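Written below as structure tokens is the structure these notes are about.
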Amino acid sequence: DPTSFYSAVIPKFINALLEGRPPVIYGDGEQSRDFTYIDNVVYANLQACKAPKEAVGEAMNIACGERITLNELAAALQEILGTNIDIQYDPPRPGDIKHSLADIGKAQKLIGYEVQVPVQEGLRKTAEWFKAYFQS
């Protein structure tokens, strides 16, 4: 639900842009995250089902292994959706992590994980889904 307080940034940005509202970025927008598309998570789980014994009970990061800033995210979504809406910058949120990048090396080694859907493609697929289901 993109209107939920607990919704992640991508659905919130897409929803705002589709409604013609400015997406809200807390801080300068240079904080970065390692976003991943759901197909990558499904693929990792399927790989884990057939993983060797050394993978059993191990915790692994599943992501794309690359960072994108919130400013880059907003720009990419604007391009995908064909919008040109100013970003609303609000004060930074206390305790917000500046940069996050998943080390996917363990998943690659133990379960043969490989990124199936790169970030930009995942953003495009997500935006298309939102357009189809929330603008109908």
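The values are calculated or read from the model by the stated rules, or taken from the named source; none is laboratory data. From a predicted model like this one, the values you see are computed outputs, not experimental measurements. Virtual Cβ from ideal backbone geometry, glycine too; neighbours counted across all protein chains shown. Quick note on the areas: whole protein, heavy atoms, side chains included, nothing else; ligands and nucleic acids left out. Shrake-Rupley method; radii C 1.70, N 1.55, O 1.52, S 1.80 Å.
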Most to least packed among 95-108, 67-80 [average Cβ atoms within 10 Å]: 67-80, 95-108
Of (1) 10.2; (2) 11.3; (3) 9.1, which one was derived for mean projected area of the Cα convex hull in nm² from the structure shown? (3)
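With an 8 Å Cα cut-off and a minimum separation of 6 or more residues, compute the relative contact order for the chain in percent.
Working: 182 pairs, mean separation 50.3, N = 136.
Computed over the chain, the figure is 37 percent.
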Dipole magnitude (debye, nearest 20) for segment 1-101, charges at Cβ of Lys, Arg, Asp, Glu: 260 debye
Starting at the first residue of segment 107-114, write each ³J(HN,Hα) from the Karplus equation 6.51 cos²θ - 1.76 cosθ + 1.60 with θ = phi - 60°, in whole Hz, x for Gly and Pro. 5, 4, 6, 7, 10, x, 5, 9
Could you do me a favour and compute the accessible area per residue for the chain, 1.4 Å probe, result in Å²? 61 Å²
Zone reached by a paramagnetic label modelled 7 Å from Asp28 Cα along Cα→Cβ, restricted to segment 49-92 with backbone N below 16 Å, covers 69-72, 89-92
Tell me, what % of the accessible area of segment 17-78 is carbon and sulfur with a 1.4 angstrom probe? 52 percent
Under the 0.36 nm per residue contour assumption, what length would be gained going from the current alpha-carbon distance of Phe134 and His99 to full extension? 9.5 nm
Subtracting the Cα-Cα distance from 0.36 nm times the residue separation, let me have the gained length for Ile38 to Val9 in nm, one decimal. 9.0 nm
